[in-house]
Every structure is written in structure tokens, then in C-alpha cells.
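The values are calculated or read from the model by the stated rules, or taken from the named source; none is laboratory data. Bear in mind that the values here come from a model prediction, so they are computed numbers and not experimental data. All Cβ positions, even for glycine, are placed from backbone atoms using ideal geometry, and neighbour counts span all protein chains on display. Just so you know, the surface numbers come from the protein's heavy atoms only, side chains and all, with ligands and any DNA or RNA stripped out. Shrake-Rupley method; radii C 1.70, N 1.55, O 1.52, S 1.80 Å.
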Protein chains: 2
Amino acid sequence: MRIAILGNGSVTRSLLPLLARDDRFAVAGIHSRSKPAAVSFEDFLDQSGADVLVELTTLNPMTGEPAISHIRAAFARNMHVVTANKGPIAHAFHELSREAIERKLDLRFESSVMDGAPVFNQFRNNLPGVQVLGITGVLNSTSKLVIEEMEKGGSFEDGLAYARKLGVAEADASYDTEGWDSATKTAALANVLMDARVTPQQVEREGITGWTPDRVQALAREGKSVRLVSRAWRSAERVMLMVQAEVLDNTDLLASGTGTSNVILFHTDRMGTFGTVSLSPGVEQTAYGVYSDLVDVLTRC
Amino acid sequence: MRIAILGNGSVTRSLLPLLARDDRFAVAGIHSRSKPAAVSFEDFLDQSGADVLVELTTLNPMTGEPAISHIRAAFARNMHVVTANKGPIAHAFHELSREAIERKLDLRFESSVMDGAPVFNQFRNNLPGVQVLGITGVLNSTSKLVIEEMEKGGSFEDGLAYARKLGVAEADASYDTEGWDSATKTAALANVLMDARVTPQQVEREGITGWTPDRVQALAREGKSVRLVSRAWRSAERVMLMVQAEVLDNTDLLASGTGTSNVILFHTDRMGTFGTVSLSPGVEQTAYGVYSDLVDVLTRC
């Protein structure tokens, strides 16, 4: 299967060795703004002769663009799409899914939430007939690193610098600390797993920017910590979504795991409450999620 | 798809409504020692005309029998098998798998560990090329309920009585408290996910029977608790397995979740460490796991 890759950041660099070790895949080309492989993205797609586009551009939580247009351009050329970008899923999941189905193409996005740990594919492949009634998660790594750094005596900026060094901060880190990354993930989860029709703007949202080293250290002395918690639930009429900084006991499952660790819980009808934890994932896991999606597309072709 | 059910306990009672709501399935008969549907189990299978046997007999952690023989009897009649019994997987996974493959039949056992939360199917369906290097889990509900009861001032026996009332204790509850249930689950996980060739007897095993209300209450005052922890890892030559009562901080992920809650962590090559938590599952979730296996068998037929 021939793969065209859009974006040339840390995920692309971690993905290439996975693809190189699997002779079912061939990389037809890598295109990015800093290292263009053609005059335009469309020319790149046309020239690649690829079967699938791997879309790894950076997030715009307000619009999901230009990733949505990239996905549509690939569909128009009869290419499947795998993306790690949550923007399109948060803003246009149902439209893009319908277009994919009409063209008999696949759209996969496992790495858009929880860095490649199976979430979307878990429900697609393993949980027939299960209805998701609600979702609770701690999904943003950067805000957690900032809180932990402040607990250790560092500043807000020290935490951000560390998150940038690990490569987990969004290009614009205010998207992390103001809750936009979490809101986008929450909207994506709700659109896919709860059949919601929401955008990140509809998520009631509060970030961690109001927290200071003094405040988090005072909580730490009481055995408590702060986490940016995502919540989704069904009201009588629609799916409600909220992202807010919550004070949690350190014994709370949502507070467990250090560093970039994430946790997500699904509240369901037939399977009660269960979920996934991912301990200190990095870009390698995001890249693996993209790889697992590519294998999924390949085996369905 | 016609289903023959062996065993008539709480899982069967929870499974029947799930099957009744799905017109792809028909129950051909239910056979148990207390309510036999035929003179012998073999006659029951022959008369059922079933496509798949659902094996829900009770665990014998020492041998995996008679469940192993039941599975072979079904294979001999060209029937797929879904079981919630971990004994056969802990004692004869590789032999049974080979027999199933030779006859082009499916053997599924999602509910044998973690009560139906996707574990085996997760690796089968969602994680191509991931190697499991080690496993850490808190997998036995009864021992946890006993510890919690003693923390609250009750006796060991009070805890066991509560576990029996919830329907989560093994028929012989010493299998829970002496670590046999955990050892059998650990061996099953290692056989399937780490390509081990082990039996429960090869698991270094220690139960919770040495713990008293006084001791667990003293730990609780220090913010600690006891959990029966399963561990598997690779040594230079083989897969090592251990089950032991470990003293954990209450902030430890392995100590999180109350009641029947379980947690399992996989240490892997490409996906780092991640896992599944299941909060307060009951027999409904075990029954759902069997149902999800049946859907999997159906869609592959």
C-alpha cells in the first residue's frame, strides 16, 4: 500500500521506522510546508499515486482546517485517510464519515485521542452493541506536566518548557493550558462514540491558567492535585460537554499516573464503567496508533 | 447461529436476555448437572444441532477439566467454542488453538479475564505487531472485597460472604483467597499474549489468607492497602509468573477502584505501558464478554 505523508514533525519521524519494517507499506512521499515535495499539496497528492494519505498537520481547534480540506482532497483522489489530527473529527466527523462511506474509503483517527492506545478501534472492533452514556477523561499531557512542575517548585513556564522538550505540547501551547486541546478531544470522542453533533466551541471550557505554584503546592500538602478533566454526558436533549480544572484526591484513578499519562473512562449500558490508562506515552505511541490504523485499512481493502 | 449453553449459573442468566434481543442468535438448549437437557453432555451436543458451544462450567485451576474435554467434544462436532472459563486457557491454550485452526473453528475466551472488558480481543483486533514484554494486574475481585471488608472492621469471613452474595466468588472460594484464581488468569494471559507454555502450578503464588483485620487496618491508617497482584515478565529463558499480596500506596494505580474493580497493565515494545481498568463489574459484564465473543465468531463465519 502506497502512503503519502503530509507533515514532517516528530510523529512522522517516529512513523517512518515502523513503516520501513513492514514490507506491506511503501512511502510514496512526504510533503510539508517547510520541505515541500511539490508546488502544492494537491500536486503532491496527484504525483504520489498513493492509496492512503497520512495527515499529520498541526491542530487548529477553532476550525479543524486545513486538515479537513486535506482529507477531502484525498477522498476526491480515491485515497483512504489516516490522521492523528483531532480537529477534523471534532468539527466534521459525520460529514467526513459520510463522504468516506459514499466513496467506499476508510477514515481512521486512533491517535487523535490517547496517543495511539486503542479507543476508537476498541469500540469499532470489540464492543458490539455497547452504548456510551458518558465519558470522563484526563486527556491533556501538557497541562498535567505544568501542574506537576509547579508541585515540584517550578514555574508555569518551566512546565511548558518541559512539555515542549518532550514534544507533547501543541504548536501553540495555549491550546493546551486553556483547555482547547482537551475540548477538541472531548468533542471528537462525543461525535464518534456518542453520536453527538458538537464542536470544541460548544464545550464548556476552563483551563489551568489560573493556577499558581503556591496554590498547587498547598493542595499537594493535603494529598490533592489538579487535573484538567474532560466530561461528556447525555442530558434529556443533547450531549453535554465540559472541560475544567478539578481538584482531585491523589487516590483518585483520574489523578493516577505521572508525566504524560492519560486515563479515560467510558460509562456504558452493557459494560458498566471501564476504560483505558496509558502511562507516560510519547510520540512513538502516537506514531504506532497511525501505524495500527494503516494496518486496519490494509486488511479491509 | 444456534447456540448450545453448558452451565446454568449467574452468567447464563445474564447472557440469555442479551441473546434474546439479537435475532442473529438462537439458543438451542441449556445443559447443566443440576438441570440436564440430555442423558450426557455428548448427547446434548449431538441433539442440539448447534453451531457454537458456550462453555460456562466452574473453574478447576489444577487441571482445567472438565472444560477442556467439553471444548474438544464441541470441536469434534464441528462447533465453535466461546468460554468464560480460564482453566482451559491456562492449561491447554496452545493445543486447543491448534485443534481449532486445523478444523477452521474459532475459540474465544474474552470473559476469562477482566469480566468481559476487551483484553484478548484488544490485542487480536487492534494492536498489530505489538509484543507484550510484561503484565501487571489486580485481577481477583473476591480477595479485594475481603481486604476492603477487613479495612472497614469486618472479618475475613464477612468479606467472603459479601463476595458470594455478589456472585463473584469462585464455587470454592479458597481458589480466590489462596491466589489460584489470579494464578490461573495470569497463566492464561501469559499463554495467549506472551506465547508462554505455563500452567497455574508454575506461578509463584501467595494468597491473602495470612492477612487479618488488625494488619490491614494498621496499613489503612498509613494510607496503604493490600492487593493480590499478578505479574508476568520475561527472563532470559522463559516467562516468569508471580501472584502475591503486595502492600501498595492508596495513590498507586493498582490500588485504585473499589469493590470488584480490576486493573491490568501491559508493558509492551511499541506501545509502552498501557492498560484497562474496569470499575465494579459484575456478572452482567462477564455475560457481555461472552456475547461479544459470539458476535465476533458470527461475523467471521
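Being touching a residue at least 12 places away in the same chain (Cβ under 8 Å) and within 14 Å of chain A (Cβ to nearest Cβ) narrows it down to one residue among B:Gly210, B:Gly289, B:Gly272; which is it? Please lay out each step first, then the result.
Details: B:Gly210 fails: within 14 Å of chain A (Cβ to nearest Cβ); B:Gly272 fails: touching a residue at least 12 places away in the same chain (Cβ under 8 Å).
Exactly one of B:Gly210, B:Gly289, B:Gly272 is touching a residue at least 12 places away in the same chain (Cβ under 8 Å) and within 14 Å of chain A (Cβ to nearest Cβ), namely B:Gly289.
Just wondering, is there one or more residues in the stretch A:281-291 that are within 15 Å of the chain's Cα centre (by Cα), crowded, with 24+ Cβ neighbours inside 10 Å, within 23 Å of A:Asp176 (Cβ to Cβ) and aliphatic (A, V, I, L, M)?
yes
Filter the stretch A:4-51 for residues that are assigned to a loop (DSSP other than H, G, I, E, B), under 30 Å from A:Pro281 (Cα atoms) and open to solvent by 50 Å² or more (accessible area, probe 1.4 Å) and give the result.
Within the stretch A:4-51, A:Asn8, A:Arg21, A:Asp23, A:Arg24, A:Arg33, A:Ser34, A:Lys35, A:Pro36, A:Asp51 qualify.
I'd like the full set of residues that are surrounded by 24 or more Cβ atoms within 10 Å (Cβ to Cβ) and within 12 Å of chain A (Cβ to nearest Cβ), limited to the stretch B:106-121.
Result: B:Arg108, B:Glu110, B:Ser111, B:Met114, B:Asp115, B:Gly116, B:Ala117, B:Pro118, B:Val119.
Do we have B:Ser280 as of a type outside the set (A, V, I, L, M, F, W, C) and more than 10 Å from chain A (Cβ to nearest Cβ) here?
On the way: of a type outside the set (A, V, I, L, M, F, W, C): yes; more than 10 Å from chain A (Cβ to nearest Cβ): no.
No: the conditions fail for B:Ser280.
For the stretch B:100-126, how many residues are in a loop (DSSP other than H, G, I, E, B) and out of contact with any strand residue (DSSP E or B) (no Cβ under 8 Å at 6 or more places or on another chain)? Give the derivation first.
Quick first cut of the stretch B:100-126, residues in a loop (DSSP other than H, G, I, E, B) only: B:103-106, B:109, B:113, B:117-119.
In the following step, the residues that additionally are out of contact with any strand residue (DSSP E or B) (no Cβ under 8 Å at 6 or more places or on another chain) were identified as B:103-104.
Number satisfying all stated conditions: 2.
Run A:Ser278 past the list (1) part of a helix (DSSP H, G or I); (2) in contact (Cβ under 8 Å) with a residue 60 or more places away in the chain and report the number of the one that doesn't hold.
(1)
Quick grid of which residues meet (1) more than 16 Å from the chain's Cα centre (by Cα); (2) open to solvent by 10 Å² or more (accessible area, probe 1.4 Å):
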| residue | (1), (2) |
| --- | --- |
| A:Ala67 | no, no |
| A:Ala74 | yes, no |
| A:Ala90 | no, no |
| A:Lys104 | yes, yes |
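Evaluate the following for B:Ile89: is it part of a helix (DSSP H, G or I) and touching a Ser or Thr at 6+ places or on another chain (Cβ under 6 Å)?
Details: part of a helix (DSSP H, G or I): yes; touching a Ser or Thr at 6+ places or on another chain (Cβ under 6 Å): yes.
Spelling it out, B:Ile89 is indeed part of a helix (DSSP H, G or I) and touching a Ser or Thr at 6+ places or on another chain (Cβ under 6 Å).
Yes or no: the stretch A:52-61 includes at least one residue that is in a helix (DSSP H, G or I), open to solvent by less than 10 Å² (accessible area, probe 1.4 Å) and more than 14 Å from chain B (Cβ to nearest Cβ).
Step one: of the stretch A:52-61, the residues in a helix (DSSP H, G or I) are none.
There is no residue in the stretch A:52-61 that is in a helix (DSSP H, G or I), open to solvent by less than 10 Å² (accessible area, probe 1.4 Å) and more than 14 Å from chain B (Cβ to nearest Cβ).
Is it fair to say A:Trp180 is surrounded by 23 or more Cβ atoms within 10 Å (Cβ to Cβ) and on the phi < 0 side of the Ramachandran plot? Spell out the reasoning first.
Values: surrounded by 23 or more Cβ atoms within 10 Å (Cβ to Cβ): yes; on the phi < 0 side of the Ramachandran plot: yes.
In short, yes.
May I ask you to list the residues in the stretch A:253-269 that are surrounded by fewer than 18 Cβ atoms within 10 Å (Cβ to Cβ) and of a type outside the set (Ser, Thr, Tyr)? I'd like the intermediate steps shown before the answer.
The first filter runs over the stretch A:253-269 and keeps only residues surrounded by fewer than 18 Cβ atoms within 10 Å (Cβ to Cβ), leaving A:258-259, A:269.
Listed by number, the residues that qualify are A:Gly259, A:Asp269.
Restricting attention to the stretch A:250-264, which residues are at the interface with another protein chain (Cβ under 7 Å from one of its Cβ atoms) and at negative phi? Let's see the steps before the verdict.
Within the stretch A:250-264, the first condition is being at the interface with another protein chain (Cβ under 7 Å from one of its Cβ atoms), and the residues that meet it are A:250-251, A:253, A:256-257.
Within the stretch A:250-264, A:Asn250, A:Thr251, A:Leu253, A:Ser256 meet the criteria.
Sort out which residues of the stretch B:42-63 are under 18 Å from B:Ala92 (Cβ atoms) and free of Cβ contacts under 8 Å to residues at least 60 places away in the same chain, and write them in order of number.
Correct list: B:Leu53, B:Glu55, B:Thr57, B:Asn60, B:Thr63.
So for the stretch A:229-249 (the condition being open to solvent by 10 Å² or more (accessible area, probe 1.4 Å), part of a loop (DSSP other than H, G, I, E, B), touching a residue at least 40 places away in the same chain (Cβ under 8 Å) and within 11 Å of chain B (Cβ to nearest Cβ)), does at least one residue qualify?
No: the stretch A:229-249 contains no residue that is open to solvent by 10 Å² or more (accessible area, probe 1.4 Å), part of a loop (DSSP other than H, G, I, E, B), touching a residue at least 40 places away in the same chain (Cβ under 8 Å) and within 11 Å of chain B (Cβ to nearest Cβ).
State yes or no: is B:Gly207 outside any helix (DSSP H, G or I) and out of contact with any Pro (no Cβ under 6 Å at 6 or more places or on another chain)?
Details: outside any helix (DSSP H, G or I): yes; out of contact with any Pro (no Cβ under 6 Å at 6 or more places or on another chain): yes.
Spelling it out, B:Gly207 is indeed outside any helix (DSSP H, G or I) and out of contact with any Pro (no Cβ under 6 Å at 6 or more places or on another chain).
Looking at (1) open to solvent by less than 10 Å² (accessible area, probe 1.4 Å); (2) touching a Leu at 6+ places or on another chain (Cβ under 9 Å); (3) touching a residue at least 24 places away in the same chain (Cβ under 8 Å), which one does A:Ala163 not meet, given that it meets all the others?
Of the numbered conditions (1) open to solvent by less than 10 Å² (accessible area, probe 1.4 Å); (2) touching a Leu at 6+ places or on another chain (Cβ under 9 Å); (3) touching a residue at least 24 places away in the same chain (Cβ under 8 Å), the odd one out for A:Ala163 is (3).
So, in the stretch B:127-141, of the ones that are open to solvent by less than 10 Å² (accessible area, probe 1.4 Å) and either over 14 Å from B:Ile264 (Cβ atoms) or assigned to a loop (DSSP other than H, G, I, E, B) (or both), which residue ends up nearest to the other protein chains (Cβ to nearest Cβ)?
Filtering the stretch B:127-141 for residues that are open to solvent by less than 10 Å² (accessible area, probe 1.4 Å) and either over 14 Å from B:Ile264 (Cβ atoms) or assigned to a loop (DSSP other than H, G, I, E, B) (or both), the one nearest to the other protein chains (Cβ to nearest Cβ) comes out as B:Leu127.
Against the condition modelled with pLDDT of 95 or more, more than 8 Å from every other protein chain (Cβ to nearest Cβ), surrounded by fewer than 24 Cβ atoms within 10 Å (Cβ to Cβ) and part of a helix (DSSP H, G or I), how does A:Val297 come out, does it pass? Full working, then the answer.
Numbers: modelled with pLDDT of 95 or more: yes; more than 8 Å from every other protein chain (Cβ to nearest Cβ): yes; surrounded by fewer than 24 Cβ atoms within 10 Å (Cβ to Cβ): yes; part of a helix (DSSP H, G or I): yes.
Yes; evaluated as a whole, the condition is true for this residue.
Determine which member of the set B:Val216, B:Val226 is more than 10 Å from chain A (Cβ to nearest Cβ), under 16 Å from B:Thr142 (Cβ atoms), part of a helix (DSSP H, G or I) and touching a strand residue (DSSP E or B) at 6+ places or on another chain (Cβ under 9 Å). Even if it seems obvious, please write down each step before you answer.
Values: B:Val226 fails: part of a helix (DSSP H, G or I).
Just a single option satisfies the conditions, and that option is B:Val216.
Could you pull out the residue among B:Leu189, B:Leu193 that is within 21 Å of B:Phe123 (Cα to Cα), open to solvent by 20 Å² or more (accessible area, probe 1.4 Å) and more than 14 Å from every other protein chain (Cβ to nearest Cβ)? Give the derivation first.
On the way: B:Leu189 fails: open to solvent by 20 Å² or more (accessible area, probe 1.4 Å).
B:Leu193 is the lone residue from the list that is within 21 Å of B:Phe123 (Cα to Cα), open to solvent by 20 Å² or more (accessible area, probe 1.4 Å) and more than 14 Å from every other protein chain (Cβ to nearest Cβ).
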